[in-house]
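Remarks on the structure that follows.
The values are calculated or read from the model by the stated rules, or taken from the named source; none is laboratory data. These figures come from a predicted structure and were not determined experimentally. All Cβ positions, even for glycine, are placed from backbone atoms using ideal geometry, and neighbour counts span all protein chains on display. Areas reflect the complete protein model, heavy atoms only, side chains present, ligands, DNA and RNA absent. Shrake-Rupley method; radii C 1.70, N 1.55, O 1.52, S 1.80 Å.
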Amino acid sequence: MKCLVIFGLIVAIFASIAGYGYLVFTDLTRPLPRPAFKDDTYWGPGDGKNYKPDTKIYDFVVDVPKAEIQDLRQQLNRTLRLTEPLEGIAFEYGFNTNALAQFVEYWRDKYLTKWNQRQDYLNSLKQYKTEIQGLNIHFIHERVSEEVAEKKHVYPLLLLHGWPGSVREFYDFIPMLVKDQNISDYAFDVVAPSLVGYGWSDAATRVGFNAAEMATVMRNLMLRLGHKKFFVQGGDWGSIIGSNLATLYPENVLGYHSNMCVLNTPLSILKGIYTHYYPEKVLRSRMFYDHHVGIWEKYQDLLIESGYFHIQATKPDTIGAALDSSPVALAAYILEKFQTCTSPSLKQDFGAIVTIFGLEAVLDNLMIYYLNNAATTAARFYAENTSKTYRDLQLDRVQTDVPMGCCRFRFDLPSASEWQLKDKFTNIKHNMYFQHGSHFAAMEMPSMLFNDFNEFVKKIGLHTE
């Protein structure tokens, strides 16, 4: 009898543990309701009590004073106090200082001497500013011509960049979207904003401006421009912001397309581990395995390459002060990310940046950070997105029925499979894998991104309604 009692107690204990584990698992994996979210928070200077919004849209032209360019050349002309790389080391310890010296020389003696040409190029796309929630927001707005509009189905498109990128990423991509392309039935009125705190957009003046707030400002910008429904495309932070926008404001989004498909929920993590061990049960083709198998190695690489993330998420003003004060430091910091985001076979190659992106494109992007003193304000976005306030929203667990498309480039950050994504995106229309390409897809492979985005729009089939 005593043994039966003990056995019964053991069974009861294990049943309680199992039951509690089930409740915890269910609680951590169930979808959450969409949170109520304020869509008109004031982020400008002061308390905003007497704030009267200026709804006008103003033309914007990049026009840098010659004295500022001359001052930059003088800074770059100072003797570089760089430490020699270790013997036999290329970029394993960070951006190689011998390569950095060559970049600085080109920047100073070649690039800046033709700044007027580069400035004209930056102004080749129509740009504007308008005030949203107390912040002056800079944006590119390229419209479809009347001739193209007669031939194509035209939709508004919001393009969203990330860090350490800028609107410069889209300069090859935007013309493809706007012009008459024989391979596509679509054309797009493109809006590509500088994110808040990036480029020529104002930075928030108070704590709390996270990706959900950024999504709100971007959505309100589109409404200001008369676009009540629009497509969203983004990578890096643009992908997170786009996901938040599709979650908080699904009534405004015709479709959301991402080239950095990530989902950080407990259930998604478990599914990712399962896929690593049993890819044949999840993935439709062995060609997709390299994107999802080897998860531990992928996360080890991610840990090695994400030191910047921890710094910017904890002490953004410290690193920002160093970068805003020194153009050479800014160059080393940003160029190192572009070097890393080439491919495993190239990231130790001294010619990788030139081969993949081109010097002018990368230096244009660098200039946008330098001219706007944006290193600190851009870095703060990491701190806001790792804050408890943002984490508590748990937007990755809030489902949305907005049509979703995902394209994965081989050497980008570890991506989520369709099996993982469908827990959040209940209306996945497009799922694509590329065996090449990396993080800055719009800059590196604009044609492939263009084709994939058009395929996504086609699958939604809006023009058949």
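Being under 24 Å from E384 (Cα atoms) and in a helix (DSSP H, G or I) is the requirement here; does A313 meet it? Yes.
There is no residue in segment 231-246 that is open to solvent by 40 Å² or more (accessible area, probe 1.4 Å) and either farther than 27 Å from N373 by Cβ or among the polar types (S, T, N, Q) (or both).
Enumerate the pairs (first residue in segment 130-152 and closer than 12 Å to Y42 by Cα; second residue anywhere and of a type in the set (V, I, T) and not in a strand (DSSP E or B)) with beta-carbon separation below 8 Å, excluding pairs fewer than 6 apart on the same chain, so at least 6 apart or on different chains. Listed pairs, sorted by first residue: E131/T55; I132/V217; Q133/T41; Q133/T216; Q133/V217; L135/V196; L135/V217. For R224, state whether it is more than 13 Å from L158 (Cβ to Cβ), out of contact with any Gly (no Cβ under 9 Å at 6 or more places or on another chain), open to solvent by 30 Å² or more (accessible area, probe 1.4 Å) and at pLDDT 95 or above. So R224 fails the test.
Could you pull out the residue among T314, T275, T318, T340 that is of a type in the set (S, T, Y) and within 19 Å of the chain's Cα centre (by Cα)? Going through T314, T275, T318, T340 in turn, the sole match is T340.
Looking at I304, is it over 17 Å from I368 (Cα atoms), open to solvent by less than 70 Å² (accessible area, probe 1.4 Å) and among the β-branched types (V, I, T)? Considered against the rule, which asks whether it is over 17 Å from I368 (Cα atoms), open to solvent by less than 70 Å² (accessible area, probe 1.4 Å) and among the β-branched types (V, I, T), I304 comes out as no. Taking segment 317-328 as the range and being assigned to a helix (DSSP H, G or I) and under 16 Å from N372 (Cβ atoms) as the test, the residues that pass are G320, A321, L323, D324, S325, P327.
The residue that is surrounded by the fewest Cβ atoms within 10 Å (Cβ to Cβ), among those in segment 339-354 that are assigned to a helix (DSSP H, G or I) and either touching an Asp or Glu at 6+ places or on another chain (Cβ under 9 Å) or not small (G, A, S) (or both), is V354. Only residues that are closer than 25 Å to F453 by Cα, open to solvent by 30 Å² or more (accessible area, probe 1.4 Å) and part of a loop (DSSP other than H, G, I, E, B): list them for segment 182-219, please. N182, I183, D185 - these are the residues of segment 182-219 that are closer than 25 Å to F453 by Cα, open to solvent by 30 Å² or more (accessible area, probe 1.4 Å) and part of a loop (DSSP other than H, G, I, E, B). In this entry, D202 passes the filter for residues that are over 24 Å from M260 (Cβ atoms), touching a Gly at 6+ places or on another chain (Cβ under 9 Å) and of a type outside the set (S, T, Y).
Condition check ((1) aliphatic (A, V, I, L, M); (2) farther than 15 Å from F425 by Cβ) across all residues:
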site: I240; (1), (2): yes, no
site: L248; (1), (2): yes, no
site: M260; (1), (2): yes, no
site: L283; (1), (2): yes, yes
site: S306; (1), (2): no, yes
site: K315; (1), (2): no, yes
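Residues that are exposed (fewer than 14 other Cβ atoms within 10 Å of the Cβ) number at least 2 in the following strands (runs of 3 or more DSSP E) confined to segment 52-160: 57-60. Given the conditions (1) in contact with a Pro (Cβ under 6 Å, 6 or more places away or on another chain); (2) closer than 17 Å to L421 by Cα; (3) open to solvent by 10 Å² or more (accessible area, probe 1.4 Å); (4) not hydrophobic (A, V, I, L, M, F, W, C), which single one is not true for K298? Just one mismatch for K298, condition (2).
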